[in-house]
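The block underneath contains the structure these notes are about, expressed in structure tokens.
The values are calculated or read from the model by the stated rules, or taken from the named source; none is laboratory data. Since this is a predicted model, take the numbers as computed values, not measurements. Every residue, glycine as well, gets a Cβ built from its backbone with ideal geometry; the counts of neighbours run over all protein chains shown. The protein model used for the area step is the full one, side chains on, heavy atoms only, and it has no ligands, DNA or RNA in it. Shrake-Rupley method; radii C 1.70, N 1.55, O 1.52, S 1.80 Å.
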Amino acid sequence: MFDIGVNLTSSQFASDREQVVARAAAAGVNGMLLTGTNLHESQQAQALAAQYAGCWSTAGIHPHDSSQWQPETADAIRELASLPQVVAIGECGLDFNRNFSTPQAQEAAFSAQLALAAELSLPVFLHCRDAHERFLALLDPWLDKLPGAVLHCFTGSEQEARDCLARGLYLGITGWVCDERRGQELCEIVPLIPADRLLIETDAPYLLPRDLKPKPASRRNEPAMLGHILQRVAQLRGEEADRLAAVTDNNVRRLFGIAF
């Protein structure tokens, strides 16, 4: 199993990061993509990916941090992207739910990162929340210039899923499908995703699956929980978990161009 979304730079992992990686390997997670959400964390993610076997990273600016984007930010990300561990630009996109950065700043940073990914022929690791129409409007002109794209932690509507799939995007599915309070719509969408467009992730340390028994005392999600999410996704699709793991692993190899 490959976890395409691990925030291993999070302070929640500061005290036991090595053990977290070891537990993931013991649970059958043989690859992880470490998420960069600003320049500093992208640098940290790359360093951790170089430190741990079976790890790669993204480099980019999350919409929350878009106000930090400067012309020299592109140069720094371009330099990071020249390193073998960095296999995607992002996490980038739009988040009009919280607007920690203004919509204008988010759009500028998103467009700049799409241009950078096209220049470097790297896939993009995308974020979209409450911004679907504008997200697609900015993304569409770049799609034929990009080698691939994944909308990570997809939690949108069926129509939003269809819009993304029609554009060739991959969809990253998290433990949101294990949440009986707010995950029902996503549970109904998961069987509609073509197998060759499906990826799985924990988004650790966030989105701890609510149906875990017993629940971890820390309430912290870990990549070791990926198997639980895989089982739930396979159940929703009426598929064998082992087969689904093989399919999603192949999707990772095709999208990010990595061997694991």
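Taking interchain pairs and intrachain pairs at least six residues apart, which have beta carbon atoms under 9 angstrom, with the first residue in the range 193-218 and closer than 18 Å to D16 by Cβ and the second of a type in the set (S, T, Y) and open to solvent by 10 Å² or more (accessible area, probe 1.4 Å)? Within 9 Å, the pairs are A204/S10; P205/S10; P205/S218; Y206/S10; L208/S218.
Per the conditions (1) open to solvent by 10 Å² or more (accessible area, probe 1.4 Å); (2) in a loop (DSSP other than H, G, I, E, B); (3) under 19 Å from T202 (Cβ atoms), the sole criterion not satisfied by F100 is (3).
Restricting L126, L143 to those that are open to solvent by less than 10 Å² (accessible area, probe 1.4 Å) and not acidic (D, E) reduces the list to L126. Evaluation of V190 against the conditions (1) without any contact (Cβ under 8 Å) to a residue 60 or more places away in the chain; (2) within 26 Å of F2 (Cα to Cα); (3) open to solvent by 10 Å² or more (accessible area, probe 1.4 Å) shows that the sole unmet condition is (3).
Looking at G148, G156, can you tell me which residue is within 19 Å of V252 (Cβ to Cβ) and in contact (Cβ under 8 Å) with a residue 24 or more places away in the chain?
Only one candidate passes the filter, namely G148.
Residues of the range 56-81 that are assigned to a helix (DSSP H, G or I) and over 20 Å from the mean Cα position of the chain (by Cα): S67, Q68, P71, E72, T73, A74, D75, A76, E79.
So the check is Cβ under 8 Å with 6+ separation or different chains; which pairs have a first residue in the range 55-77 that's within 30 Å of G28 (Cα to Cα) and a second one that's open to solvent by less than 10 Å² (accessible area, probe 1.4 Å) and part of a loop (DSSP other than H, G, I, E, B)? Here the result reads C55/L8; S57/T35; S57/G36; T58/T35; T58/G36; A59/G36; G60/G36, each pair linking the range 55-77 to a residue that is open to solvent by less than 10 Å² (accessible area, probe 1.4 Å) and part of a loop (DSSP other than H, G, I, E, B). None of V6, V29 is in contact (Cβ under 8 Å) with a residue 40 or more places away in the chain, surrounded by 19 or more Cβ atoms within 10 Å (Cβ to Cβ) and out of contact with any Gly (no Cβ under 9 Å at 6 or more places or on another chain) except V6.
Restricting I173, I258 to those that are surrounded by fewer than 21 Cβ atoms within 10 Å (Cβ to Cβ) and either at positive phi or touching a Phe, Trp or Tyr at 6+ places or on another chain (Cβ under 7 Å) (or both) reduces the list to I258.
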